[in-house]
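We did not get these values from a lab; they are worked out from the coordinates using the rules stated. From a predicted model like this one, the values you see are computed outputs, not experimental measurements. Backbone-built Cβ (ideal geometry, glycine too); neighbour counts: all protein chains shown.
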Amino acid sequence: MATQEFYIRSATEDEARGPFNQEQLVALAENGQIDAATLYYDAAAEQWTALGSDAALMALVFPEKKKLRLGAKEIKSLNAEAESAPPISVGDMLAAAEGRTAETKGHHALAIDQAQAAKIGLWSALFALLASAAALAVPSLDRLLALDYLGLLQQQPLALLGILDLFLAVMLGLGSISFYPFVRFRATLGLGMVGFVLFVHGQTVPLVALAAGSLGLYFCTICISYLGVGLAALAGLGGMAALAWLVLNHPA
């Protein structure tokens, strides 16, 4: 039958197609161009016969494809946990993230350490600004209470910088770290303006305190490591507190 030639047609057609060999019939079957109802010419019987009526021919043209089967015991999920493993709760996940479990103890997540360091920097910058506000605005408190802003601008303009420090401190107290760029600008501006005034008057010690406080204030908004933020906080708080103490106890 391998070399036998076939003529085929559908039941609704009068014109036959062919001749086709067995391989060609198999290709037509795979492409869906023939099916069990397709007629082929049976030369022995001298009549048109449906492919489905010849079991042997059907087996050759439409061979049954073997299906790959897996036993139930062979199918295993790679993500499945052992039946004896206890369920993981939200508390367990938080404890692991905070390094409070046996497996993660002593290995805090880097992001948590950085967040805590940044929080220390936030509060250090806030108190440094308050100390700076006290140094710059308290000596002009009478004019501030009188709302004499024109007099302040003409005679004590640095008091306005103290008001800005107070405003920035309030914003940081509300957790608004979006004001960090303004804090950095304030640190550099204050170092330039106040530093110039102190330098002109020959006040070396207050100038050093101002420089340390301004640099510390600047880096409190940048550092996210414990060492860096610790040094920045020490310089910022110490410098601004020293400046406030010198200005309030030894007015020029």
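Could you compute how fast the range 165-207 diffuses translationally, taking Rh as the Kirkwood radius over C-alpha pairs and applying Stokes-Einstein at 20 °C with viscosity 1.002 mPa s? Give it in µm² per second. The estimated diffusion coefficient comes to 186 µm²/s.
Computed packing ranks the peptides 166-174, 209-217, 37-45, 117-125 as 209-217, 117-125, 166-174, 37-45, most packed first, by mean other Cβ atoms within 10 Å. Here the average projected area of the convex hull drawn through the C-alpha atoms of the range 166-252 stands at 5.7 nm².
At 37 °C and 0.692 mPa s, what whole-number value in µm²/s does Stokes-Einstein give for the translational diffusion of the range 6-61, with Rh from the Kirkwood sum over Cα pairs? Could you put the intermediate results ahead of the total?
Working: Rh = 11.2 Å.
The diffusion coefficient I find is 294 µm²/s.
Is there a quick way to get the dipole size of the range 6-61? I mean about its Cα centre, with the Cβ of Lys and Arg at +1 and of Asp and Glu at -1; what is the value in debye to the nearest 20? Around 60 debye, computed over the range 6-61.
With unit charges on the beta carbons (Lys and Arg positive, Asp and Glu negative) and the dipole taken about the Cα centre of the range 110-249, which residue among Leu122, Cys223, Gly213 sits farthest to the positive side? Towards the positive end, the residue furthest out is Cys223. Taking label positions 7 Å along the Cα-Cβ direction at both Ala59 and Leu234, the computed distance is 9.3 nm, reported to one decimal. Full extension of the chain between Leu227 and Ile163 yields a length gain of 20.0 nm, computed as 0.36 nm times the residue separation minus the alpha carbon distance.
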